[in-house]
Amino acid sequence: MNKKTSRNLLCIAIIFFWASEYCHTPYFAPYLQSLGFGANLIGFMTGVYGFTQIFARIPIGMVTDAFSCYKKTILFGCIATTISSFFLMFATSFVAIIICRVLAGLAASTWLAFSVLYNAYFKDDESVRAMTNVNAFSNGGKLLAFFLGILTASFFGYKIPLLCSFLTGLVAIVAVILLKPISIQRESFSFSHAAKVIKNPIVIFSSILAIMMQFYMQATVFSFTSSRARECGASSFLIGAISLTFTIIQVLAAPYIGKKFLVKNEKGKSLFIGYSLLGIASLLIALIKEPIFYLISSLLAGFGNLIINGLLMAIVVSCVSEEKRSTAMGTYQAIYGIGMSLGPVVLGKIITNYSYESAYLFTTLLMALTALLSWPLARKLKVK
């Protein structure tokens, strides 16, 4: 099997892996509402997905680097997401749903192996391009997921997207089994080397910024924006379209962002623009109760997320040597798991105690503060 075929199989695996993770996501909070769970419990069940990753990503990254088992890690992730979605179709109790969400979180924790292996197909000075591409493929999977979700949820209800998650997971498993991975340079693993990576100030800087990004994404786009739209009278089709807009803009804009925008602009400035777009997107939902306008919010959030995600991943993989990149990505993704966990829980509390408007205004202020701090911090650390 030649290099191009293997890379194409990895791309297929990325697309269908994320489709499996996200087919049901726009409808998960409304589905849990239909089972009788309140906002607090929904926030907790959604947050477990990120909480699992806080503890799982660094060990998975270290093991993957130590044994150079990128394909095996990816295969484990594909199997975990497939099993999770299968049992979610039948889970109705709090404990059963939590177990399934933990499995989904473990699956997402293997993303570092996907991204590092894909980056190995490119030269060192092409990291921004590689990470923008890999995010485009992941968003392509989410686009497929939301398309399948719209078709199935609109006609058959909120549970059928879980079946789509299961079936797309099976496709990802087959693609990975057929994949012959490219070899990656590595040196003997040591905890001292891993500790240096974990303490790297640029890795920490990128990870903290990623907490804010994931806080926003998991609390709004992938959780309560759907519930907010439903409360304001949105149909299942419109709920899916809102999520679809968020993803499709990232797929369409990826070539421009990777080849022009991020190359032309200073990294700190790009981060400022990205977080500002997230803040504006959140403000629109806080102030407007007509869900059709949430399409504009999703477009802005998608564009902002594309800028931030591709740039932060490129910064992380380029600041360490090749054989340490899974550990670096594991650290980065473990730390941003804090945002994935806290986002839904915090917004669930604010919504329960106050209102959707208060929750989204809080998120707006958080993104504005992050935007204002990211630019000068990037310059101080001399992020290149």
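Structure notes:
- Scanning region 231-257 for residues that are out of contact with any Leu (no Cβ under 9 Å at 6 or more places or on another chain) and crowded, with 18+ Cβ neighbours inside 10 Å yields ALA234, SER236, ILE239, SER243.
- Filter result (assigned to a helix (DSSP H, G or I) and in contact with a Leu (Cβ under 7 Å, 6 or more places away or on another chain)) within region 18-46: ALA19, ILE42, GLY43, MET45
- Annotation: ARG101 fulfils all but one of (1) at pLDDT 85 or above; (2) of a type in the set (Lys, Arg); (3) open to solvent by 40 Å² or more (accessible area, probe 1.4 Å); the unmet one is (3).
- Filter result for the condition that a residue is in contact with an Asp or Glu (Cβ under 8 Å, 6 or more places away or on another chain) and either part of a helix (DSSP H, G or I) or open to solvent by less than 10 Å² (accessible area, probe 1.4 Å) (or both), over LYS349, LYS324: LYS324
- Listed by first and then second residue, the pairs linking a residue in region 282-308 that is in a helix (DSSP H, G or I) to a residue that is of a type in the set (Lys, Arg), with Cβ atoms under 8 Å apart and 6 or more places separating them unless they lie on different chains, are ILE285/ARG228; PRO291/ARG228; TYR294/ARG228.
- The set of residues in region 258-279 that are over 20 Å from the mean Cα position of the chain (by Cα) and either in a helix (DSSP H, G or I) or buried (at least 23 other Cβ atoms within 10 Å of the Cβ) (or both) comprises LYS259, LYS260, PHE261, VAL263, LYS264, LYS267, GLY268, LYS269.
- Residue pairs whose Cβ atoms lie under 7 Å apart, separated by 6 or more positions or on different chains, with the first residue in region 364-377 and in a helix (DSSP H, G or I) and the second of a type in the set (S, T, N, Q) and open to solvent by less than 40 Å² (accessible area, probe 1.4 Å), are THR364/SER282; MET367/SER282; ALA371/SER276.
- If you go through region 352-374 and keep only what is closer than 30 Å to ASN200 by Cα and surrounded by fewer than 24 Cβ atoms within 10 Å (Cβ to Cβ), you end up with THR364, LEU365, LEU366, ALA368, LEU369, ALA371, LEU372, LEU373.
- Just one of the listed residues (THR92, THR64, THR73, THR81) is more than 21 Å from VAL317 (Cα to Cα), hydroxyl-bearing (Ser, Thr, Tyr) and either in contact with a His (Cβ under 6 Å, 6 or more places away or on another chain) or crowded, with 19+ Cβ neighbours inside 10 Å (or both), and it is THR81.
- Looking at LEU277, LEU262, LEU271, LEU252, just one residue is out of contact with any helix residue (DSSP H, G or I) (no Cβ under 6 Å at 6 or more places or on another chain), over 24 Å from TYR158 (Cα atoms) and of a type outside the set (Gly, Ala, Ser), and that residue is LEU252.
- Helices (runs of 4 or more DSSP H) contained in region 109-192 and holding at least 2 residues surrounded by fewer than 21 Cβ atoms within 10 Å (Cβ to Cβ) and at pLDDT below 85: 127-156
- Residue count for region 3-35, restricted to those that are buried (at least 23 other Cβ atoms within 10 Å of the Cβ), over 18 Å from ILE150 (Cα atoms) and either in contact with a Cys (Cβ under 6 Å, 6 or more places away or on another chain) or among the hydroxyl-bearing types (Ser, Thr, Tyr) (or both): 1
- Looking only at residues of region 43-54 that are crowded, with 24+ Cβ neighbours inside 10 Å and of a type outside the set (S, T, N, Q), we find that the one that is farthest from GLN333 (Cα to Cα) is GLY43.
The values are calculated or read from the model by the stated rules, or taken from the named source; none is laboratory data. What you are looking at is a predicted structure, and each value in this text was computed from that prediction instead of being measured. Positions of Cβ are generated from backbone atoms using ideal geometry, with glycine treated the same way; all protein chains shown enter the neighbour counts. SASA here: full protein model, heavy atoms, side chains in, ligands and nucleic acids out. Shrake-Rupley method; radii C 1.70, N 1.55, O 1.52, S 1.80 Å.
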